[in-house]
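Please treat every number below as a calculation from the coordinates, not as lab data. No experiment lies behind these values; they were computed from the predicted model shown. Glycine gets a Cβ as well: all are built from the backbone with ideal geometry, and neighbour counts include every protein chain shown.
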Amino acid sequence: MLITYNQEQKITLEKEISLKEFLQLQNLQIQGIAVAVDEKIIKKTELESFILKDGMAVDVYNMVSGG
């Protein structure tokens, strides 16, 4: 199964996993990021139940505060 990560990196997964598991595999903290799959923002409450499928594109955005 092939996932596109941040529009450039291709990652092969052996099986379908949750979006939360994928983020953990990438060593990302859930706090302070926003995640989109196929250009749709996924709510943090849905990360564990959202299952990645072959060909999906995952984009992670770091939230920056300040002004």
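Figure the gain on full extension for Asp38 and Met1 (residue separation times 0.36 nm, minus the Cα-Cα span) and round it to one decimal in nm.
On the way: separation 37, 0.36 × 37 = 13.32 nm, distance 1.55 nm.
Value of the extension gain: 11.8 nm.
Please label the shape of the chain as rounded, prolate or oblate, based on the square roots a ≥ b ≥ c of the eigenvalues of the alpha-carbon gyration tensor (a/c under 1.5 means rounded; beyond that, a/b larger than b/c means prolate, else oblate).
prolate
Over the chain, how many pairs of lysines fall under 14 Å by alpha carbon, counting only those 8 or more apart in sequence or from different chains? Spell out each step's value before the answer.
Values: Lys10/Lys53; Lys15/Lys53; Lys20/Lys43; Lys20/Lys44; Lys20/Lys53.
Lysine pairs satisfying the spacing and distance rule in the chain number 5.
Label points 7 Å out from Cα along the Cβ direction at Glu8 and Met63: separation in nm?
2.6 nm
With +1 on the Cβ of every Lys and Arg and -1 on the Cβ of every Asp and Glu, and nothing else charged, how large is the dipole of the chain about its Cα centre, in debye rounded to the nearest 20?
Charge dipole of the chain: 160 debye, to the nearest 20.
Relative contact order for region 2-62: what percent, with Cα pairs under 8 Å and sequence separation of 6 or more?
Taking the mean separation of contacting Cα pairs over the length of region 2-62, I get 49 percent.
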